[in-house]
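Inspection log for the structure reproduced underneath, given as structure tokens.
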Amino acid sequence: MAPDVTISRSITIAAPPSAVFAVIADPHRHADFDGSGTVKKSVSGPERLSLGAKFRMSMKLFGVRYQITNTVKEYDENRRIAWAHPGRHRWRYELQEVPGGTRVVETCDFSTSPIGGLLVRTRWTKMNAEGIEKTLPRLKALVENG
């Protein structure tokens, strides 16, 4: 049996999908809601992402600072957005309107990476799960508090 190559968590945000999507689709806001502690700031990129858009982020992992370029691979306005860096695994946000707001599912998807099967056998899965579990409440607070 192949290992699960996705890590997903969800939260409901008391706002319409368009308000949530506006924050996620602005790469200059990613550090504001990142819970992993790795995203430091946007270095370059458009004000609003679209399919194929590229954006560069300043990152820090294990005490090492670096920059990485991401490309938007999936885009459905107010419903879904996903990007990948050269390692090709994706970070995906799926939005669904529900009573009281928007259900947001954040997924780290290793299935698109040529080494995804190896990555899920390491501590990356635990680290990504913990990061998502901290990111979603930060996104919720950011959107709900304006």
- Restricting attention to segment 69-96, which residues are at pLDDT 90 or above and over 22 Å from residue 136 (Cα atoms)? 69
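Output the residues belonging to segment 102-146 that are open to solvent by 50 Å² or more (accessible area, probe 1.4 Å), assigned to a helix (DSSP H, G or I) and at pLDDT below 90. It would help to see each step written out before you state the result.
Step one: list which residues in segment 102-146 are open to solvent by 50 Å² or more (accessible area, probe 1.4 Å), which gives 103, 111, 114-115, 118, 121-124, 126-127, 130, 133-134, 137-138, 140, 144-146.
Of the ones still in play, those that are also assigned to a helix (DSSP H, G or I) are 111, 118, 124, 126-127, 130, 133-134, 137-138, 140, 144.
Those that are open to solvent by 50 Å² or more (accessible area, probe 1.4 Å), assigned to a helix (DSSP H, G or I) and at pLDDT below 90: 111, 118, 124, 126, 127.
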- Item | Close pairs (6 angstrom Cβ cut-off, 6 or more residues apart or separate chains): over 16 Å from residue 95 (Cα atoms) and without any contact (Cβ under 8 Å) to a residue 40 or more places away in the chain in segment 23-35, open to solvent by 20 Å² or more (accessible area, probe 1.4 Å) and among the hydrophobic types (A, V, I, L, M, F, W, C) anywhere | 30/39; 31/39
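The values are calculated or read from the model by the stated rules, or taken from the named source; none is laboratory data. Worth saying up front: this structure is predicted, and the values here are computed from it rather than measured. Cβ sites come from the backbone with ideal geometry, for glycine too, and all protein chains shown count toward neighbours. Ligands, DNA and RNA are stripped out before the accessible areas are found, and what is left, the full protein with its side chains, is counted by its heavy atoms. Shrake-Rupley method; radii C 1.70, N 1.55, O 1.52, S 1.80 Å.
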